[in-house]
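*Asks:* First the structure, then my questions, so here it is.
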Amino acid sequence: MLRFAVLGHPVAHSLSPAMHAFALESLGLEGRYEAWETPLEALPGRLKEVRRAFRGVNLTLPLKEAALAHLDWASPEAQRIGAVNTVLQVEGRLFGFNTDAPGFLEALKAGGIPLKGPALVLGAGGAGRAVAFALKEAGLEVWVWNRTPKRALALAEEFGLRAVPLERAKEARLLVNATSVGLGDPGATPLPPELLPEEGAAVDLVYRPLWTRFLREAKERGLKVQTGLPMLAWQGALAFRIWTGLLPDPWGMEEAALRALGV
């Protein structure tokens with residue numbers, strides 16, 4: 001039986017178990033996918049268990065960057081991004097990948113979100129790094145903001161981006177919330193509504209709630225918007241292909257996530 005899990009903290013809110021249960025069933029594979037609460041300090045011990053008993057795991061906050069030091073190999077893209085969200089176990093060795101970056105671009109394409117810059121990425125953590133990397137690779141001018149300016153500056157220097165103050169959001173044509181602001185708090189937003197641009201698109205990687213304040217206000221402004229579910233589904237489908245060689249239907253995975261949300 002194939003065994004998978006998502007590791008992170010907190011992880012109880014994760015929709016990955018529902019998505020991957022669909023993937024396993026739809027492809028006729030016997031296995032299970034669990035959610036394992038894993039604070040940062042527990043990561044080394046958890047990965048030892050992965051070496052022993054799992055085909056692969058997904059990593060989420062706060063583990064994506066720290067995991068690199070514990071793997072036997074990481075893909076060139078994961079190394080450049082500095083974050084891993086997918087781990088494959090083969091004969092006790094751990095191989096790291098980043099499906100957030102390609103998953104984000106596939107989700108934009110599937111949702112008809114135009115790839116027009118400048119793009120402003122809010123957040124410089126693991127998800128922010130993957131999104132900024134993907135957009136830069138796609139040829140866009142990419143700006144980055146973080147509430148800790150030093151982190152934004154470090155990421156900008158590393159990737160060849162521009163660290164900007166939040167006020168520059170008005171000039172962006174693509175906004176991406178890669179912070180956790182809004183997670184479980186419908187009243188919170190990383191961007192005051194007066195700083196929203198007049199045109200363009202907005203994507204929020206937060207998916208609980210599905211319609212965050214950030215997305216609601218962007219939609220009211222007339223921007224094209226995308227929730228966090230398409231990227232979640234695409235990165236999950238690409239991770240599943242790494243583990244099994246089979247690509248499940250991302251639309252079906254998104255539908256499974258919606259059902260799990262009760263939407």
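The values are calculated or read from the model by the stated rules, or taken from the named source; none is laboratory data. Owing to the predicted nature of the structure, the values given are computational and were not obtained by experimental measurement. Using ideal geometry, Cβ is built from the backbone for each residue, glycine included, and neighbour counts are taken over all protein chains shown. Calculation scope for accessible area: heavy atoms of the full protein, side chains included, ligands and nucleic acids excluded. Shrake-Rupley method; radii C 1.70, N 1.55, O 1.52, S 1.80 Å.
*Asks:* Can you give the three extents of the C-alpha atoms in region 1-156 along their principal axes, from longest to shortest, in whole Å?
*Replies:* Over region 1-156, Cα extents along the principal axes are 46, 34, 28 Å.
*Asks:* Another question, if that's okay. Accessible area of region 183-263 with a 1.4 Å probe: how many percent of it is carbon plus sulfur? Walk me through the numbers on the way to the answer.
*Replies:* Working: 1790 of 3430 Å².
Carbon and sulfur together cover 52 percent of it.
*Asks:* Next question. Of the peptides 15-27, 185-197, how do they stack up when ordered by the mean number of other Cβ atoms within 10 Å, highest first?
*Replies:* On the way: 15-27: 21.2, 185-197: 15.8.
Top of the packing list down: 15-27, 185-197.
*Asks:* Over region 1-68, one equal point on each Cα, no solvent: what is log10 I(q)/I(0) by the Debye formula at q = 0.11, 0.23, 0.25 Å⁻¹?
*Replies:* Values, matching the q order: -0.25, -0.97, -1.09.
*Asks:* Provide the three semi-axes, in whole Å and in decreasing order, of the ellipsoid equivalent to region 114-263 as defined by the square roots of 5 times the Cα gyration tensor eigenvalues. Intermediate values should be presented prior to the final figure.
*Replies:* Working: eigenvalues 124, 76, 37 Å².
Computed over region 114-263, the values are 25, 19, 14 Å.
*Asks:* Please give the calculated 222 nm ellipticity per residue for the chain, where each DSSP H segment of at least 4 residues contributes -39500 (n - 2.57) and the sum is spread over every residue; nearest 500 deg cm²/dmol? Numbers along the way, then the final one.
*Replies:* Values: 9 runs with 98 residues, N = 263.
One gets -11000 deg cm²/dmol as the mean residue ellipticity at 222 nm.
*Asks:* Return the tail of the calculated pair distribution for the chain, meaning the percent of Cα-Cα pairs more than 25 Å apart.
*Replies:* Numbers: 14035 of 34453 pairs.
So the portion of pairs separated by more than 25 Å is 41 percent.
*Asks:* How large are Rg and Dmax for region 77-200 when only the alpha carbon atoms are used, in Å?
*Replies:* Spelled out, the Cα radius of gyration and Dmax of region 77-200 are 15.1, 54 Å.
*Asks:* Leaving ligands, DNA and RNA out of it, report the carbon-plus-sulfur percent of the accessible area of region 54-176 at a 1.4 Å probe. Show your work: numbers first, answer last.
*Replies:* Details: 2640 of 5150 Å².
Solvent-exposed carbon and sulfur of region 54-176 make up 51 percent of the total.
*Asks:* With every protein chain left in place, what is the accessible area per residue of region 66-197 in square angstrom, probe 1.4 Å? Don't skip to the end; give the middle numbers.
*Replies:* Values: 5540 Å² over 132 residues.
Averaged over the residues of region 66-197, the accessible area is 42 Å².
*Asks:* Could you tell me the ratio Rg/Rh of region 134-178? Both radii from Cα atoms, Rh via Kirkwood.
*Replies:* Reported Rg/Rh, Kirkwood definition of Rh: 0.93.
*Asks:* Got a sec? What order do R52, R168 fall in by accessible area at 1.4 Å, biggest, i.e. largest, first?
*Replies:* Working: R52 175, R168 60 Å².
From most accessible down to least: R52, R168.
*Asks:* Please list, in chain and number order, the residues 5+ apart from W73 or on another chain whose amide H is under 5 Å from its amide H, with Hs placed from the backbone.
*Replies:* Excluding prolines and chain starts, which carry no amide H, the hits are L94, G96.
*Asks:* Ranking request for peptides 148-160, 251-263, 221-233: highest mean number of other beta-carbon atoms within 10 Å first, then the rest in descending order. Write out the running numbers ahead of the final one.
*Replies:* Numbers: 148-160: 15.2, 251-263: 17.2, 221-233: 21.8.
Taking the mean over residues of other Cβ atoms within 10 Å, the ranking is 221-233, 251-263, 148-160.
*Asks:* Just to be sure I understand: if I project the alpha-carbon convex hull of region 183-263 onto a plane and average over all orientations, what area do I get in nm²?
*Replies:* Mean shadow area of the hull around the Cα atoms is 6.1 nm².
*Asks:* Please give the residues of region 149-170, grouped as numeric ranges, whose backbone N is less than 13 Å from a label point set 7 Å along the Cα-to-Cβ vector of L195.
*Replies:* Answer for region 149-170: 149, 164-170.
*Asks:* Right, something else. Return the long-range amide H neighbours of V225 (sequence gap of 5 or more, or a different chain), with a cut-off of under 5 Å between placed amide H atoms.
*Replies:* A202
*Asks:* Using amide H atoms built 1.01 Å from N in the peptide plane, name the residues 5+ places from N146, or on other chains, whose amide H lies under 5 Å from its own.
*Replies:* The answer is G123, A152.
*Asks:* Over the alpha-carbon set of region 197-244, divide Rg by the Kirkwood Rh and report the Rg/Rh ratio to two decimals. Each step should come with its number before you reach the end.
*Replies:* Working: Rg = 13.3 Å, Rh = 11.7 Å.
When Rh is taken as the Kirkwood radius, the ratio is 1.14.
*Asks:* In nm, give the distance between the simple-model label positions of E171 and E137, each being 7 Å from the Cα along the Cα-to-Cβ direction.
*Replies:* 2.7
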